[in-house]
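Some notes on the structure that comes next.
The values are calculated or read from the model by the stated rules, or taken from the named source; none is laboratory data. Bear in mind that the values here come from a model prediction, so they are computed numbers and not experimental data. Reconstructed Cβ throughout: ideal geometry from the backbone, glycine too, with neighbour counts over all protein chains shown. To get the accessible areas, we keep the full protein, side chains included, count just its heavy atoms, and leave off ligands, DNA and RNA. Shrake-Rupley method; radii C 1.70, N 1.55, O 1.52, S 1.80 Å.
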Amino acid sequence: MSIERTFSMIKPDATRRNLTGAIIKIMEEAGLTVVASKRVWMSRREAEGFYAVHKERPFFGELVESMTSGPTVVQVLQGENAIARNREIMGATNPADAAEGTIRKEFALSIGENSVHGSDAPETAAQEIAYWFSETEVVG
Ligand code: RTP
Ligand code: MG
């Protein structure tokens, strides 16, 4: 067990439906603490840069479209095994495969509009946090 930080996003499909508080409540109840948070309307350039790893994938255009379609809440979550814990409460990428009680099972509309993002490993967590936040903006 170790205290970790992970990067999380509440995506436009969820902010549009006013689900920010409901989603953060699930995170907090799972033992994760919001140690940085801001609401951003991503530019195309920011979305393409953030998702650069997926740029050759067939869904890239659709992903960038949806991430620039409205406000996103970008945040840093801290807690025991925060990376895995957050992935667990998010549920599978495709809401059709997501387990009962997960955020995506409850709120996601489709694989593309799946309400949340969470880092998948320590390296990506560090990169993704640094993409959106300066060190002084993360207050643990
Ligand atoms: P995330 O990175 O957002 O936490 O989600 P993930 O690891 O579960 O999924 P990943 O494979 O990294 O894909 C990133 C995001 O791209 C969108 N996607 N659309 N239309 C499609 O087939 C498709 N596949 C992936 C999803 O919004 C996914 O969260
Ligand atoms: Mg991913």
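For this structure, a couple of remarks:
- Among the conditions (1) out of contact with any Pro (no Cβ under 8 Å at 6 or more places or on another chain); (2) assigned to a loop (DSSP other than H, G, I, E, B); (3) of a type in the set (S, T, N, Q), the only one that Ser110 does not satisfy is (1).
- Unique match (being outside any helix (DSSP H, G or I) and either more than 15 Å from ligand 2 (Cβ to nearest atom) or closer than 18 Å to Ile10 by Cα (or both)) among Val64, Val76: Val76
- Residues within segment 36-50 that are within 18 Å of Ile10 (Cβ to Cβ), open to solvent by 70 Å² or more (accessible area, probe 1.4 Å) and either part of a loop (DSSP other than H, G, I, E, B) or free of Cβ contacts under 8 Å to residues at least 12 places away in the same chain (or both), tallied: 1
- Unique residue being open to solvent by 50 Å² or more (accessible area, probe 1.4 Å) and modelled with pLDDT of 95 or more when the list is Glu128, Glu56: Glu56
- Selection count where residues are part of a loop (DSSP other than H, G, I, E, B) and within 10 Å of ligand 1 (Cβ to nearest atom), scope segment 113-139: 5
- Beta carbons closer than 8 Å, at least 6 apart along the sequence or on distinct chains, pair a first residue in segment 114-140 that is in contact (Cβ under 8 Å) with a residue 40 or more places away in the chain with a second that is loosely packed, with under 14 Cβ neighbours inside 10 Å and of a type in the set (Gly, Ala, Ser) for Tyr131/Gly49.
- Scanning segment 121-140 for residues that are within 16 Å of ligand 2 (Cβ to nearest atom) and under 15 Å from the mean Cα position of the chain (by Cα) yields Ala121, Pro122, Thr124, Ala125, Ala126, Gln127, Glu128, Ile129, Tyr131, Trp132.
- Top-ranked residue of segment 101-120 - restricted to ones that are among the hydroxyl-bearing types (Ser, Thr, Tyr) and within 15 Å of ligand 2 (Cβ to nearest atom), ranked as nearest to Asn81 (Cα to Cα): Ser119
Matching residues to (1) under 22 Å from Glu137 (Cα atoms); (2) surrounded by fewer than 13 Cβ atoms within 10 Å (Cβ to Cβ); (3) among the small types (Gly, Ala, Ser); (4) under 14 Å from the mean Cα position of the chain (by Cα):
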residue	(1), (2), (3), (4)
Val34	yes, no, no, yes
Ala52	no, yes, yes, no
Gln75	yes, no, no, yes
Arg87	no, no, no, yes
Pro95	no, no, no, no
Gly101	no, yes, yes, no
Glu113	no, no, no, yes
His117	yes, no, no, yes
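- Number of the exception - Glu80 against (1) closer than 25 Å to Val139 by Cβ; (2) within 8 Å of ligand 1 (Cβ to nearest atom); (3) acidic (Asp, Glu): (2)
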